[in-house]
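Note sheet for the following structure.
The values are calculated or read from the model by the stated rules, or taken from the named source; none is laboratory data. Please read these numbers as outputs of a predicted model, since none were measured by experiment. Cβ placement follows ideal geometry from the backbone for every residue including glycine, while neighbour counts extend to all protein chains displayed.
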């Protein structure tokens, strides 16, 4: 389970292959999240970060990681469409843990080009345009951030959605240059998350108290009924569409790649775009 090093652009980087990741995933699968976080800090810090939208799951990870290493890096993407409650939570995190949150923004020229071409609320017009909005506002800033890391930590859980049912605690993220992706809460449930939050008085987004179960951009999430799937509040106007934005898995839908190329133009080659193929979604 050793992790190799190699020289890249005059920086020492950790490199792991799929076989090593599989061994580590098996080893950590029945261990506590803190065990994986301790190992991750030893192997990857400071080229390691929690990437978060400040949902309940990642708040648990921030609390755990802070008590292991107060110098934990926390990265978030401000899409420009976040709820006010999310900004308020970010301030509470800074005050509680003394963490300097690394806030990334989409490139203004790309957002301007997208809005000129399709309007401010393009995400309501079609699935490809919603994915375009996610790509410009979320995926591309994330791609920039991950290029400076050897590993990133997420709050993904297997019970969140069908596309996440098979995630492992240690993976190779081939969509982002082969860096290591860590999902310490993969085997947790929503009940586990909230039990930890209550036990350790972890700050959380006040929208949860208003019936939200999955929180992203303000126009794209809503409260859900107790009997509804937690992600039913995401892009609820879409039919038979992926409840994903492309940050954690490739998205397949017709028309998306054309729109990305139209917005980015000659700069499109600078970015690692999701795998795109024709689909009825």
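For region 230-249, a residue qualifies if it is surrounded by 15 or more Cβ atoms within 10 Å (Cβ to Cβ), in a loop (DSSP other than H, G, I, E, B) and at pLDDT below 85, and the qualifying residues are 241, 242, 243, 244, 245, 246, 247, 248, 249.
Do we have residue 99 as touching a strand residue (DSSP E or B) at 6+ places or on another chain (Cβ under 6 Å) and free of Cβ contacts under 8 Å to residues at least 40 places away in the same chain here? So residue 99 passes the test. If the requirement is being closer than 20 Å to residue 31 by Cβ, touching a strand residue (DSSP E or B) at 6+ places or on another chain (Cβ under 7 Å) and buried (at least 18 other Cβ atoms within 10 Å of the Cβ), which of these qualifies: 152, 188? After ruling out the rest, the residue left standing is 152. Select, from 186, 190, 232, the only residue that is under 19 Å from the mean Cα position of the chain (by Cα) and over 25 Å from residue 34 (Cβ atoms). Selected residue: 232, the only one of 186, 190, 232 that is under 19 Å from the mean Cα position of the chain (by Cα) and over 25 Å from residue 34 (Cβ atoms). Residue 114 meets the conditions (1) modelled with pLDDT of 90 or more; (2) buried (at least 21 other Cβ atoms within 10 Å of the Cβ); (3) under 16 Å from the mean Cα position of the chain (by Cα) in every case but one. The failed one is (3).
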